[in-house]
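As structure tokens, the structure follows; a few thoughts come after it.
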Amino acid sequence: MQSSSSSFSSLNKSGGIGVGRRSVYVGLLVILLPVFFPNLFSPLSHASPSIFSEWNAPKSRHLPLLEGALQRQTSYEEQSDLWTPLANQGWKPCDVSSHVAVLPKKRQGYVQVFLDGGLNQQRMGICDAVAVAKILNATLVIPYLEVNPVWQDSSSFTDIFDVDHFIDVLKDEISIVKQLPKAYSWSTREYYATAIRATRIKTAPVHASANWYLENVLPVMQSYGIAAIAPFSHRLAFDNMPMDIQRLRCKVNFQALAFVPHVKTLGDALVNRLRYPSRKSSVVSTEYLEETSDERHKQGSGKFVVLHLRFDKDMAAHSACDFGGGKAEKLALAKYRQVIWQGRVLNSQFTDEELRNQGRCPLTPEEIGLLLAALGFDNSTRLYLASHKVYGGEARISTLRNLFPLMEDKKSLASTEERAKIKGKASLLAAVDYYVSMHSDIFISASPGNMHNALVGHRTYENLKTIRPNMALLGQLFLNKSMGWSEFQQAVRDGHRTRQGQIRIKKEKQSIYTYPAPDCMCRA
């Protein structure tokens, strides 16, 4: 009996060991599945999602319109009118060269700012930081750029912008230093993250006045020799500012902020390859750029349009709209909203139809493609796609590519070696797109946002054609499932005749970076 019990115990132990081993093997198999069977976890093809994907491959939501767009024909006159540059509108950048600023010999101390957000939000923050330093008669420390929580980019000011150019352009306006002297080396982001500090200003209200800074920040600076302002984004008013402060903000945005040389070099190469596709080369060099420039009169200048396709997961989730990805997509976006914003997205209280009627849904790649086709762009249009990551990948973009087969992006135009310095760095990727956008014949953004606002303002300043989608109109048109192509096309053209770069005078509370007239621009 004892022997039998012992045998059973031994068998039970060996069985337990067997079960344990099997569990280990199953665990290893789960871990190694993506390695040996990557197709299960990545798109099965350019048009199909993964079987473990959070969305289903969206079908066309506007099939009758798409069929009409694919058969479209545009006359020579329509094409000519579409690509004609903007006429002189009676405005030009203000001439600030005649005004020579005189720096006070003694300054009140150092001012630091910590900027969050993406490239264009940080860009506006830099302009405001210079203005605040001028208001306080302070020395500005080159702004510190926070790591973006969405894109996880740790690029610094000097990684993105030409710091020497920045300091040189503003040398007569304010004092700027690249880093603090040793006496203040303790004033770091880590220092302010550990406890409440007397030198940190956390209470700056959104759109604060110049007087607020003089009353609340200047005393801190006078007491300690330094003041650090965080958070800082949108912390300076656009209204009731002295004109010299407004003009200084314009000078920073449109003159002082230049990208680092390697961004400009890559940007120039992309622009040339878009204009002269037959000259596409895998080498970026001064010789290449000069050679291409000499060919202009021989080959004729090509034209291209930049489409900023802001359709990432962050944007899609925040909008709370339905994009045709099925129940899986709705659940995934709802979960993302809850984790990131914890119920603070008010759009989720409205139905998809209500949001679209109000123009609060970003245009999908299919919808922006239909807009471009209705405006008169045909399948010979060279289209540069400026975007970071499109939610849904190639499956989401395929319809747009069918409409515009000559669509390009950074990856298709430049080699891996050329893109090495910007790979995985969202701010530098955005900087290249910004540079190319400023050199395009036409710019259009699929959705309002910081990139859209910054480029609308900068291109207005340079009097360049920029199409602003009428989001409310388009939302209503896309909801009308009985509308044919001709009717849709006419409605789109009528609704965008005055939305192609015409000067709009800044109204109260509007940003001077989006509406540069009349603060940054003068009557010609």
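Work out how much length Val147 to Ala524 would gain on full extension: take 0.36 nm times their residue separation and subtract the Cα-Cα distance, in nm to one decimal. Each step should come with its number before you reach the end.
Details: separation 377, 0.36 × 377 = 135.72 nm, distance 4.20 nm.
Answer, rounded to one decimal: 131.5 nm.
Sorting 258-264, 311-317 by average packing, meaning the other beta carbons within 10 Å per residue, from highest down gives 311-317, 258-264.
In straight Cα distance, which aspartates and glutamates are under 14 Å from Lys425, not counting same-chain residues fewer than 8 positions off? Cross-link targets: Glu146, Asp153, Asp159, Asp433. The length gained by stretching the chain between Ser412 and Lys507 to full extension, at 0.36 nm per residue less their Cα-Cα distance, is 30.1 nm. For segment 341-438, the solvent-accessible area of protein heavy atoms averages 39 Å² per residue (probe radius 1.4 Å; ligands and nucleic acids excluded).
Note that segment 110-258 presents 41 Å² accessible area per residue, ligands and nucleic acids not counted, probe 1.4 Å.
Return an integer: the convex hull volume of the alpha-carbon atoms of segment 358-422, in Å³ per residue. The partial results should precede the final answer.
Working: hull volume 6.7 nm³, N = 65.
It is 103 Å³ per residue.
Per 0.36 nm of contour for each residue apart, how much would the distance between Ala193 and Asp172 grow if the chain were fully extended, relative to their Cα-Cα spacing? Don't skip to the answer; put the middle values down first.
Numbers: separation 21, 0.36 × 21 = 7.56 nm, distance 3.40 nm.
Separation in residues times 0.36 nm, less the Cα-Cα distance, equals 4.2 nm.
Modelled spin-label separation between Glu394 and Ser380, with each label point placed 7 Å from Cα along the Cα-to-Cβ direction: 2.8 nm.
A DSSP coil position with no more than 11 other Cβ atoms inside 10 Å describes the following GluC sites (Glu not before Pro) in segment 389-433: Glu417. Between Asp95 and Lys423, the FRET efficiency from the beta-carbon distance, with R0 = 45 Å, is close to 0.65. The convex hull defined by the C-alpha atoms of segment 110-258 has an orientation-averaged projected area of 8.5 nm². Near Ala517, the amide H atoms lying under 5 Å from its own belong to Lys506; only residues 5 or more places off or on other chains count, and H is placed 1.01 Å from N. Partner aspartates and glutamates whose Cα lies under 16 Å from the Cα of Lys330, excluding those fewer than 8 positions away in the same chain, are identified as Glu54, Asp312, Asp314, Asp322, Asp352, Glu353. Charge tally for Thr199 (other residues, Cβ to Cβ under 15 Å; Lys, Arg +1; Asp, Glu -1): +3.
Sort 137-149, 333-345, 169-181 for me by packing, meaning the mean count of neighbouring Cβ atoms within 10 Å per residue, highest on top. Let's see the in-between values first.
Working: 137-149: 19.0, 333-345: 13.8, 169-181: 15.6.
Highest to lowest by the protection proxy: 137-149, 169-181, 333-345.
For every other residue with a beta carbon closer than 13 angstrom to the beta carbon of Pro149, add +1 if it is Lys or Arg and -1 if Asp or Glu, then tell me the sum. Here the charged neighbours net out to -4. Is the shape of segment 304-408 rounded, prolate or oblate, going by the alpha carbon gyration tensor and its root eigenvalues a ≥ b ≥ c, with a/c under 1.5 for rounded and a/b larger than b/c for prolate? Here segment 304-408 falls in the prolate category.
Within the set Lys182/Lys509; Lys182/Lys202; Lys421/Lys507, which residue pairs have Cα atoms separated by over 31 Å? Intermediate values should be presented prior to the final figure.
On the way: Lys182/Lys509 40 Å; Lys182/Lys202 24 Å; Lys421/Lys507 40 Å.
From the list (Lys182/Lys509; Lys182/Lys202; Lys421/Lys507), the Cα-Cα distance tops 31 Å for Lys182/Lys509; Lys421/Lys507.
Note on segment 110-258: with neighbouring protein chains present and a 1.4 Å probe, carbon and sulfur make up 50 percent of its accessible heavy-atom surface.
Which of rounded, prolate, oblate describes segment 89-194, given a ≥ b ≥ c as roots of the alpha-carbon gyration tensor eigenvalues and a/c under 1.5 marking rounded, otherwise prolate only if a/b is larger than b/c? Write down the numbers at each step before the final one.
On the way: a/c = 2.31, a/b = 1.24, b/c = 1.85.
In terms of gyration-tensor shape, oblate.
With all protein chains present, how much of the accessible area of segment 389-520 (probe radius 1.4 Å) comes from carbon and sulfur, to the nearest whole percent? Carbon with sulfur: 49 percent of the solvent-accessible area. Sorted on the mean count of surrounding Cβ atoms within 10 Å across their residues, most packed first, peptides 64-72, 371-379 read 371-379, 64-72. Please work out the Cα center distance from segment 352-392 to segment 485-523, rounded to the nearest Å. The two parts, judged by their Cα centres, are 18 Å apart.
The values are calculated or read from the model by the stated rules, or taken from the named source; none is laboratory data. Computed from a predicted structure; not experimentally measured. FYI the Cβ positions are ideal-geometry reconstructions off the backbone, even for glycines, and counts take in every protein chain you see. Surface areas here come from the heavy atoms of the whole protein model, side chains and all, with no ligands, DNA or RNA. Shrake-Rupley method; radii C 1.70, N 1.55, O 1.52, S 1.80 Å.
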